[in-house]
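Every number here is computed from the coordinates shown, using simple stated rules; none is lab data. Everything quoted here is computed from the prediction, not taken from an experiment. With ideal geometry, Cβ positions are generated from the backbone for all residues, glycine too; neighbour counts draw on all protein chains shown.
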Amino acid sequence: MLTAAQLLRGYARGVFPMAESAGDPRLYWFDPPMRGILPIGGVHASRSLLRDLRKGPWSARIDGDFGATVAACANRDETWINEPLTDLYHQLHEQGHAHALDIYQDGVFAGGIFGVTLGAAFFGESMMSARKNGSKMALLWLSNHLARCGYQLFDTQFLTPHLARMGGIEITRMQYLRRLDAAITVRADFTAHGLPDNDQLWQEITQTS
């Protein structure tokens, strides 16, 4: 049985676990030759997404209900998040090594993302949308928040077309390991800063784009 400490050591070595399905209790380590990463403080927002952000009202919250966010991300027809992984994420959250960021529109849950933290590296695990653009807003807020808190690596494991449109790129395993080795030796605190409101985030993004 994989422990939370072993899971963190795996992340520090550049590997991550996944299950074949929610019903399969086994976990497998993955070490892909190419890794997806997102820019910290510079996730791309399309014109339509910026219009949606400007129109609002959107808001974000950190660790409002970590378990509910993980469950929402796993609530799909096919998922690699099984019960052992869910338990491990909860343990890491209790230890301060896993966090969630939720998005609300008009006060209603619209999407979220959760991941594992180690040093100044954030390992994005999964995200979901309950409303249109919910996961995209989560990426905008999270990228901004990671920059505020001093993070240096935003790992997405794999690069999907969705992430590529948001500014994600692929780097080789060796390039990733060099960035990882540097990031995990730096101290960063995910809870060190609060989140900007809707208007503040829009202003920061448009001023730097």
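Find how much the distance from Asp106 to Ile169 grows on full extension, using 0.36 nm per residue of separation minus their present alpha carbon separation; answer in nm with one decimal.
My answer for the length gained is 19.5 nm.
Taking a ≥ b ≥ c as the square roots of the Cα gyration tensor eigenvalues, with a/c under 1.5 meaning rounded and otherwise prolate when a/b beats b/c, else oblate, which class fits the stretch 61-129?
oblate
Enumerate the residues in the stretch 95-131 having an amide nitrogen under 18 Å from the point lying 7 Å beyond the Cα of Met1 toward its Cβ.
Backbone N within reach: 95.
In what sequence, highest mean first, do 1-7, 132-138 appear when ranked by Cβ atoms within 10 angstrom?
Taking the mean over residues of other Cβ atoms within 10 Å, the ranking is 132-138, 1-7.
Can you compute the modelled spin-label distance between Glu20 and Gln207, with each label point 7 Å from Cα toward Cβ, in nm?
5.2 nm
When ranked by the protection proxy of mean other Cβ atoms within 10 Å per residue, highest first, what sequence do the peptides 17-24, 179-186 form?
179-186, 17-24
Which of the three applies to the stretch 115-209, rounded, prolate or oblate, going by the alpha-carbon gyration tensor with a ≥ b ≥ c and a/c under 1.5 meaning rounded?
It comes out oblate by the Cα gyration axes.
What is the Cα centroid distance between the stretch 177-192 and the stretch 43-99, reported in whole angstrom?
Taking the Cα centre of the stretch 43-99 as reference, the centre of the stretch 177-192 is 20 Å away.
Quote the relative contact order of the chain in percent (integer), defining contacts as alpha-carbon pairs under 8 Å separated by 6+ residues.
The normalised contact order for the chain reaches 28 percent.
Per DSSP helix of 4 or more residues, -39500 (n - 2.57); summed, then divided by the residues of the chain. What does that give at 222 nm, rounded to the nearest 500?
Dividing the helical sum by the residues of the chain leaves -11500 deg cm²/dmol.
What distance in nm lies between label points placed 7 Å from Cα along the C-beta direction at Lys55 and Arg178?
A separation of 4.4 nm, rounded to one decimal place.
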